[in-house]
Amino acid sequence: MKIVKIAAIALLSTMIALACGPVESQLQTEPGIAQQQTMENPAVPGMWGTTSTSDPTSIQWPPHWYGVRDLRAQWWKILADSPDTWQFENHAKGEPPGNTYFLWRYHKPVPSGTKILIEGDFPHARMMNFQVCAPWSPELPSIGDGTGIPEIALLDEDIVPDPGHTNPFLPGADRNASKRHYHITFELRDGNPVALNGAAAIPPYRAPGNLRYGCTQSGKNGDRGPFIWMRIFLPDHYEPYGQVATPVIRIQFPGQEPQLAPITREVELNMTQVPQRYSIRENPAIEEGRSRKEQESLDALKQWARANLAQAGEPGDFVPKVAQVFTHSDGTLKLIKSFGTPLFIGWLRNADDPDHCRTTLLQAYRHLYGMSPKLPPPANDEHTSGHNVHITYLYSAATLKPGRVLVFRGKAPKTPRTLAGNPIMESSEQLRYWGITLQTGSPIKLIPVIDIIDENIVIDAQGNYTIAIGAESDRPANAYPENGIAWFPWPVGDSLAVNVRVMSTSAQTWQHAPQRITWEDSDYCDLNKFPYAVKQRMGEYTFEGRYLLKEQVERWTQVGSPPYQLPAQW
C-alpha cells in the first residue's frame, strides 16, 4: 500500500496525540472505601499473601494455558533499551525507549467482586507503578485506548512489602535489598472511581495500602474486559525487567479459588483498533517470554515504523508552519501543557480560533468522553486513559534550518540517581524523573528518535544544564560534555514533536512542578494564558528551547578550555 506523507501541521496535530497527556492540582477528598478499610483494619488491605508463590516450578498451570510455560507471556510488553543500542522501530508507540511497559487485559467483562491478585519483587528501577481501569459507570465509562477517564494508580511508595521485606522505593531505603516481595489486589466493581478509591483517584494520586478498585468492564459500551498497566521507568543499567521476574497475575472469581490468569487478550495488531476475537488456543506462549499475538503486534509495529521513518524527511528541511505555531516571538519554543489528549488535539487543529474552543471543543469533549475541565473529578482530570497519571506532559514541535541547532537550557530539577544501581533511594521531593523525547511518525503513532533524560545530560556546579540538538554536520565544536554541553544528533525528520515528561510522585507537589498548572492558568480558549503558563509556574526550571546558529554556540567559550562558562543570558 502506498504511504502518503502527511502535511507537517496535520502530522503534528495527532503526532502529539498518543504521546500522552496529564495534569495535577492539590484536591481534597473524603477517604475512599479502600482507604477506610486501611484505617479500620490493622492488616494491610490487598496483601493477600505473605510468602512468595511466584516460583515458576511451583505454579499450578491451568488447562487453559497453551504453549511454553513462561510467566512472562501473561503480559503484553514493550521492553526498555539502552540508549547505546536502541532501534527506533522498536518503540513506535511514543514511549521513551529507556522504560518498560506491561499490559494485561481480560477478554470480556467479569462479575462484580472479581479480584486480580498480583505478586512479585520490586524491580531495581527509578519508578514502578500499576494502573487499573477505573470503576465503570455509564456517565463515566472507563473506555481505555487513550480516551475517557484515567486509570486508578498504585504507586511503588504506597505498596506495603511482605513482612520482613523492603520497599526499595521509599526515601533512604536499600535499593539493593535481596528480600523485596509484595502482594497487591485489584478488586473489580462498578461505581464512582473517587468514591471507591478516594485520594488514589485524584491528584497527586497517593493513598496507602495494597488495594485498589478497578473496572469490571471497559470500552465505550462496556463490552470489553478489565485491564492493568504496569510501568518500570529507568530500570538499573537498562536491564528491561529491573533484574527481577515479571509479576504473576492470578484471577479470583466470586466464590472460587484464585487461578493463574490467562495470557493477555485483545493485543492491538493493526495500529487503530483491536483485532477480531480469537481463542486462547490461537495465542499460545512462545519463546522469549512472549505470546504469538504479542509477537505479531510487535512485528506489525516495526513494519509500520520503518515505513514512516522512510517518509519522515531530513533535518534542515525547514517547515514554516511548525515554527509559526510552536515558536514565541522571542524565538523560544512554546511549551504547552496537555489537558487530556483528545482535547489537546482538538485545540491544536484550530489553534488560531479561540471561538471554536469556547463554542465547540469543550462541548464535544464532554459529549464524547464524559470529560471537561469544568466537571467534578475524575471527569476533570488532565490525564486520559493509557497515560501515566504521575506524569505531566508538555508539548511542542521543532523544525531546523540548515546551520542551526536546537538548544535547551535551564536549571535542572532534582531527581534521584538510580541508573548505575545506586545503593540508596534518594528523595523525590522535587521530581522523580524528567525527560525530553523528540518524535516523528504519523497521526496514529509516534516514534522517538531522540531520548534525553535527567541522567544523560551535563549539570554544572550551579545546577544548570545545556543541551544541543542538530544534524551531525552542524555540531558546534564545543558541544561536548567536557565543555558542559550534552549533544544529541537529530537523525531524521524535517519536523519533530517535542514531548517533555515531568514526573511528580511526592504527596506534596513541588511548587515549580507543572502538575500545579490548572486549566484556569492555561485555558486553551485564552490566547493570553496557555502559551505562558509553563514559564510562569516553572520559572528558572523551565525547559526553555531556542534555535541558534552553530557559530553562536561556539562563541560561548573558547573551545577546549574548561572550566566551561556559559553567559548569563542567551
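FYI, it's all coordinate maths here, none of it is from the lab. Since the structure is predicted, the reported quantities are computational estimates derived from the model, not experimental observations. Glycine also receives a Cβ, built like all others from the backbone with ideal geometry; neighbour counts cover every protein chain displayed.
Averaged over residues, the count of other Cβ atoms within 10 Å places the peptides 311-317, 60-66 in the sequence 311-317, 60-66, highest first. To the nearest µm²/s, what D does Stokes-Einstein give for segment 76-262 at 20 °C and 1.002 mPa s, using the Kirkwood radius over alpha carbon pairs as Rh? D, rounded to a whole number, is 125 µm²/s.
For segment 294-555, the gyration tensor built on C-alpha atoms gives a rounded shape. Its axis ratio a/c (a ≥ b ≥ c) stays under 1.5. A protection proxy built from the mean count of other Cβ atoms within 10 Å ranks the segments 149-162, 529-542, most packed first, as 149-162, 529-542.
Between the alpha-carbon centres of segment 313-392 and segment 229-251 there is a gap of 32 Å.
Once you divide the Cα radius of gyration of segment 445-539 by 2.2 N^0.38 Å, the number left is 1.34.
In terms of surrounding Cβ atoms within a 10 Å radius of their Cβ, GLU520, GLU187, GLU139 rank from fewest to most as GLU139, GLU520, GLU187. Put simply, the Cα atoms of segment 325-442 extend 52, 43, 27 Å along their principal axes, the longest span coming first. Taking other residues whose beta carbon is less than 15 angstrom from the beta carbon of ASN350, and scoring Lys, Arg as +1 and Asp, Glu as -1, yields -2. Placing unit charges on each Cβ (+1 for Lys and Arg, -1 for Asp and Glu) gives the chain a dipole about its Cα centre, and among ALA461, PHE122, GLY331 the Cα reaching farthest toward its positive end belongs to GLY331.
Rounded if a/c is under 1.5, else prolate if a/b beats b/c, else oblate: with a ≥ b ≥ c from the C-alpha gyration tensor eigenvalues square-rooted, which is segment 59-153? The partial results should precede the final answer.
On the way: a/c = 1.90, a/b = 1.23, b/c = 1.55.
Oblate is the answer for segment 59-153, as a/c is 1.5 or above yet b/c matches or exceeds a/b.
Taking the Cα centre of segment 268-363 as the origin, how large is its charge dipole in debye, to the nearest 20, when only Lys and Arg (+1) and Asp and Glu (-1) carry charge on their Cβ atoms? List each step's numbers first, then the result.
Numbers: 12 positive and 13 negative charges, 55 e Å.
In debye, rounded to 20, segment 268-363 gives about 260.
Take 324-334, 93-103, 127-137 and order them by the average number of nearby Cβ atoms within 10 Å per residue, most first; the result is 127-137, 93-103, 324-334. Placing unit charges on the Cβ atoms of the charged side chains and taking the dipole of the chain about its Cα centre, the candidate lying farthest along the positive direction among TYR182, VAL160, LEU406 is LEU406. Evaluated at q = 0.19 Å⁻¹, the base-10 log of the normalised Debye intensity for segment 260-397, with identical point scatterers placed on the Cα atoms, takes the values -1.18. For the chain, a crude dipole built from +1 on the beta carbon of Lys and Arg and -1 on the beta carbon of Asp and Glu, taken about the Cα centre, is about 800 debye to the nearest 20.
In deg cm²/dmol, rounded to 500, what helix-only [θ] at 222 nm does the chain give when every DSSP H run of at least 4 residues adds -39500 (n - 2.57) and the total is split over its residues? Numbers along the way, then the final one.
Working: 9 runs with 75 residues, N = 570.
Helix-only estimate at 222 nm: -3500 deg cm²/dmol.
For VAL68 and ARG281, compute 0.36 nm times the residue count separating them, minus their Cα-Cα distance, and round to one decimal in nm. Numbers along the way, then the final one.
Working: separation 213, 0.36 × 213 = 76.68 nm, distance 1.23 nm.
Length gained, VAL68 through ARG281: 75.5 nm.
The slack in the chain from ALA307 to GLU554, taken as 0.36 nm per residue of separation less the alpha-carbon distance, amounts to 85.3 nm.
Normalised by the number of residues in the chain, the mean separation of alpha-carbon contacts (under 8 Å, six or more apart) gives a relative contact order of 22 percent. Label-to-label distance, HIS237 versus LYS321, with points set 7 angstrom from Cα along the beta-carbon direction: 4.8 nm.
Compared with the dominant Cα axis of the chain, that is its longest principal axis, helix 292-310 is turned about 10°. The ALA420 and THR85 beta-carbon pair, evaluated with R₀ = 22 Å, returns a calculated FRET efficiency of approximately 0.80.
If I take every Cα pair under 8 Å that is 6 or more residues apart in segment 294-555, average their sequence separation and divide by the length, what percent do I get for the relative contact order? Intermediate results must be reported in sequence, preceding the final value.
Values: 484 pairs, mean separation 72.0, N = 262.
Rounded, it is 27 percent for segment 294-555.
Expressed as a fraction of 2.2 N^0.38 Å, the C-alpha radius of gyration for the chain is 0.94. Which pairs, out of LYS115/LYS293; LYS77/LYS321; LYS108/LYS179, put more than 29 Å between their alpha-carbon atoms? Too far apart for the 29 Å limit: LYS77/LYS321; LYS108/LYS179. Taking other residues whose beta carbon is less than 11 angstrom from the beta carbon of GLY225, and scoring Lys, Arg as +1 and Asp, Glu as -1, yields +2. Taking the charge dipole of segment 76-262 about its Cα centre, with +1 at Lys and Arg Cβ atoms and -1 at Asp and Glu Cβ atoms, the residue from PHE253, GLN243, LEU79 reaching farthest to the positive side is PHE253.
With both bridge residues required to lie in segment 294-555, what share of the DSSP beta bridges run antiparallel, to the nearest 5%?
Numbers: 40 of 44 bridges.
Roughly 90 percent of the beta bridges in segment 294-555 run antiparallel, per DSSP.
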